[in-house]
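The values are calculated or read from the model by the stated rules, or taken from the named source; none is laboratory data. Note that the coordinates shown come from a computational prediction; the quantities given were computed from them, not determined experimentally. Cβ coordinates were reconstructed from backbone atoms using ideal geometry, including for glycine residues, and neighbour counts include every protein chain displayed.
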Amino acid sequence: MTQTAATSVETIKALYDAFARGDVGTVLGAMDEAIKWSEAEGNPWYLGHPFVGPQQVVDGVFARIGDEYEDFRLELHRFLADGDTVAVQGRYSATSHRATGRPLDAQFVHVWDLRNGKLVRFQQYTDTRQWPT
């Protein structure tokens, strides 16, 4: 069932709100069991293939955010939607990368695909030169 663009944007905004308040359970609950999560090529966490399933996303992305960054935040600027696909433009920031001490300040675009109200695909685009390693 295809959602309207407005409903898709509401779903994705609610997801970011849950992430911002640390409600990872809600974020994971919104994911399809076979979600394909792709980090940007050149991102330190890029594997050459997507993370598949919520547990791989937790282990490969979410846990690393907490382990590697102080005060990691997302600033959301714009939401664009076409049916079940939503693109989000924004900025990542963090006070410091724990290993290097360098701050993070990088723009991003996230592209989300939904099916039957569940997240089935995520693609990150970001300025990977800004990511401290």
field: Failed item, numbered, when LYS36 is tested on (1) at pLDDT below 95; (2) of a type outside the set (A, V, I, L, M); (3) surrounded by 16 or more Cβ atoms within 10 Å (Cβ to Cβ)
entry: (1)
message: It is to be established whether one or more residues within region 106-128 are closer than 20 Å to GLU10 by Cβ and assigned to a loop (DSSP other than H, G, I, E, B).
response: yes
- prompt: Taking only pairs six or more apart or across chains, which ones have beta-carbon atoms under 7 Å, a first residue in region 1-27 that is under 17 Å from HIS77 (Cα atoms) and in contact (Cβ under 8 Å) with a residue 40 or more places away in the chain, and a second residue that is of a type in the set (Val, Ile, Thr) and part of a helix (DSSP H, G or I)?
  reply: LEU15/VAL27; PHE19/VAL27
message: Condition first: more than 15 Å from ASP84 (Cα to Cα), touching a Phe, Trp or Tyr at 6+ places or on another chain (Cβ under 9 Å) and not in a loop (DSSP other than H, G, I, E, B). Can you find one or more residues in region 5-15 that meet it?
response: no
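Table: residues versus (1) under 16 Å from ARG121 (Cβ atoms); (2) out of contact with any strand residue (DSSP E or B) (no Cβ under 8 Å at 6 or more places or on another chain).
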{"position": "GLN55", "(1), (2)": "no, yes"}
{"position": "VAL61", "(1), (2)": "yes, no"}
{"position": "ARG64", "(1), (2)": "no, yes"}
{"position": "PHE72", "(1), (2)": "no, no"}
{"position": "LEU76", "(1), (2)": "no, no"}
{"position": "ASP82", "(1), (2)": "yes, yes"}
{"position": "ALA87", "(1), (2)": "yes, no"}
{"position": "ALA94", "(1), (2)": "no, no"}
query: What about GLY42, is it surrounded by fewer than 14 Cβ atoms within 10 Å (Cβ to Cβ), out of contact with any strand residue (DSSP E or B) (no Cβ under 8 Å at 6 or more places or on another chain), touching a residue at least 40 places away in the same chain (Cβ under 8 Å) and closer than 17 Å to ARG121 by Cβ?
result: no
field: Residues (closer than 25 Å to GLN130 by Cβ and in contact with a Leu (Cβ under 8 Å, 6 or more places away or on another chain)) located in region 24-56
entry: VAL27, GLU39
message: Which residue is surrounded by the most Cβ atoms within 10 Å (Cβ to Cβ), if the candidates are limited to region 1-13 and must be among the hydrophobic types (A, V, I, L, M, F, W, C) and within 15 Å of HIS110 (Cα to Cα)?
response: ILE12
message: Can you tell me how many residues within region 60-91 are within 25 Å of THR7 (Cα to Cα) and of a type in the set (Phe, Trp, Tyr)?
response: 1
message: Which of the numbered conditions does ARG129 fail, given that it passes all the others? Conditions: (1) more than 17 Å from PHE19 (Cα to Cα); (2) surrounded by fewer than 14 Cβ atoms within 10 Å (Cβ to Cβ); (3) in contact with a helix residue (DSSP H, G or I) (Cβ under 9 Å, 6 or more places away or on another chain); (4) charged (D, E, K, R).
response: (3)
